[in-house]
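Encoded as structure tokens, the structure appears first; notes follow it.
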Amino acid sequence: MAGSKPLGDFAGAHLPPQNLVAERSVLGSILLENMAMDEVADILHADHFYSDVHGIIYAAILKLNEAGTKVDAVTLAEELDKRNQLQDIGGVPYILEILEAVPHAAHVKYYAEIVRDKWIQRTLTNVCTEVLRDCYEGTDDTADVLTKAERGIFDILENQDVSQKLSMDDIMLATLDRINSRLGKEGSISGLSTGFTELDRQTNGFQPAELIILAARPSMGKTALVCNIAEWCAGAGETATLIFSLEQSKLELAERFLCIRAKLDGHRLRKGQLEPDERHALLEASSELSRLPLFIDDHPGRTVGQISAICRRLKRRNQLGLVIIDYLQLIEPEDKRANREQQIAQITRRLKGIAKENQLPLIALSQLNRGVELREDKRPRLADLRESGAIEQDADIVMFLHRPDAYNPEDRPGLAEIVVAKHRSGPTGIVNLQWRRESMRFDDYDPLMDGGATASF
């Protein structure tokens, strides 16, 4: 977020938006009546004031208020003196001048909103100035400039909204609306269907704002599984789906979708050995896939900020309903000085924020550490998540993909287990799927083949 002061000479000769009278009125109202602080505490921060002097005074008032100390001219002067800032603000005479400038505190919220509005206008001016400078200098990539501009303006919009509904009355109305929508779907799942009957039953579908982690060891088929889910959601579910493929190209991913849709042997497709009927099925699948609301971004080294900006744009244009990231550890950290665990923690926290901000489920693939390989029981556990406990902490659902035949070809070949190891809003358990390696697709498992489809633990 840009600061409160203009940048360079780009802003011209005019003074930036500000209202010093409103700033003094806010401070004077609080000095007159300490309860006025309750009206403005969630609206104003010290850096919202244009005057540095007023910002210093407000910061001192906040400190006194947090400590439970009565705020008046005497205590404020003492606090500023402790900070060696009393003379910087003009001493006790200026505090008294502020106090005398306001007859009463009745309009403090109105004054605070004026101060905040002027800060928003200054911030917007600074964002636009930075974008202008980047455009004139031409040192940054155009896509980066666009991302910076969008992020800056979105941050302003996000920080502008202070009208949170906190009362239980408001909360209950929203809660009942959500429950009523579920009751209208009695007998069906309330969230986004994955296309797999037992997985939907286990999770009740993927819910808006959920961060879902799908983790596995390499070559287990986790990319194939999310492609299956994406193909189903975009097709049968008519849900706009965005995939960030940070490892594979969009052409490689498109071939996977063709194999899934047309039920083709992927190996034979890559070798160019298709029968006439398979070629026909390929063309039909291509035509069907081209009409789906399915989007693929294969730009390597995306940051969470870039991912967030792309999601916001697509949400506005296409009513985005599902985001998939393949995979989490390939997201470029924005703070390269932090250690790896801190970087992953920052990434997962931001991904959860993207899910909440856009009100959609976000599936992030993740790698597992090698500890799985060293155990007799190869089924993954939460402790196997690579690099950070924050992945488990921030996720609403953690699922593992496990295929016994990956370690022993004779051990239940074709069986794939989805281990739901964490479910914030429901039960954990194991869901069995059928893995069809040739076409890189998963199907519902036939319970007759293995005596049942789910297990709890």
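State yes or no: is K315 within 30 Å of D144 (Cβ to Cβ), surrounded by 18 or more Cβ atoms within 10 Å (Cβ to Cβ) and of a type in the set (K, R)? So K315 fits the description; yes.
When the stretch 351-377 is limited to residues that are over 17 Å from L246 (Cβ atoms) and of a type in the set (S, T, N, Q), the one that is surrounded by the fewest Cβ atoms within 10 Å (Cβ to Cβ) turns out to be Q359.
For the stretch 189-214, the tally of residues that are under 19 Å from D443 (Cα atoms) and either surrounded by fewer than 18 Cβ atoms within 10 Å (Cβ to Cβ) or not charged (D, E, K, R) (or both) stands at 15. Listed here are the helices (runs of 4 or more DSSP H) enclosed by the stretch 135-252 that have at least 2 residues being under 19 Å from the mean Cα position of the chain (by Cα), under 30 Å from L44 (Cβ atoms) and modelled with pLDDT under 90: 142-160.
Somewhere in the stretch 362-373, is a residue in contact (Cβ under 8 Å) with a residue 60 or more places away in the chain, in a helix (DSSP H, G or I), among the small types (G, A, S) and closer than 25 Å to C233 by Cα? No; the residues of the stretch 362-373 include none that is in contact (Cβ under 8 Å) with a residue 60 or more places away in the chain, in a helix (DSSP H, G or I), among the small types (G, A, S) and closer than 25 Å to C233 by Cα. Scanning the stretch 196-240 for residues that are farther than 19 Å from I331 by Cα and either in contact with a Cys (Cβ under 6 Å, 6 or more places away or on another chain) or small (G, A, S) (or both) yields G205, A209, S219, G221, A224, A230, A234, G235, A236, G237, T239, A240. Checking the structure you have, find out if any residue of the stretch 69-79 is loosely packed, with under 13 Cβ neighbours inside 10 Å, within 19 Å of I56 (Cα to Cα) and not small (G, A, S). Yes; the residues of the stretch 69-79 include at least one that is loosely packed, with under 13 Cβ neighbours inside 10 Å, within 19 Å of I56 (Cα to Cα) and not small (G, A, S).
Within the stretch 21-76, being of a type in the set (A, V, I, L, M, F, W, C) and not in a helix (DSSP H, G or I) holds for M35, A41, I43, L44, F49, A67, V71. Could you go through the stretch 44-57 and let me know if any residue there is over 26 Å from T129 (Cβ atoms) and in the same structural domain as T75 (by TED's automatic domain parsing). Within the stretch 44-57 (the criterion being over 26 Å from T129 (Cβ atoms) and in the same structural domain as T75 (by TED's automatic domain parsing)), the answer is yes, since at least one residue qualifies. I'm checking my understanding of the structure. Among residues of the stretch 88-114 that are buried (at least 16 other Cβ atoms within 10 Å of the Cβ) and either of a type in the set (G, A, S) or under 30 Å from the mean Cα position of the chain (by Cα) (or both), which one is nearest to E23 (Cα to Cα)? Only one residue tops the list, namely A112. The test for being under 20 Å from L192 (Cβ atoms), touching a helix residue (DSSP H, G or I) at 6+ places or on another chain (Cβ under 9 Å) and not in a helix (DSSP H, G or I) holds for I324.
Restricting attention to the stretch 298-327, and to residues there that are closer than 19 Å to K222 by Cβ and at pLDDT 90 or above, which single residue is nearest to the chain's Cα centre (by Cα)?
V323
Regarding S286, is this residue touching a strand residue (DSSP E or B) at 6+ places or on another chain (Cβ under 8 Å) and surrounded by 13 or more Cβ atoms within 10 Å (Cβ to Cβ)? Criteria not met by S286.
The values are calculated or read from the model by the stated rules, or taken from the named source; none is laboratory data. Small disclaimer: the values here were computed from a predicted structure and weren't measured. Every residue, glycine among them, receives a Cβ derived from its backbone with ideal geometry; neighbour counts consider all protein chains shown.
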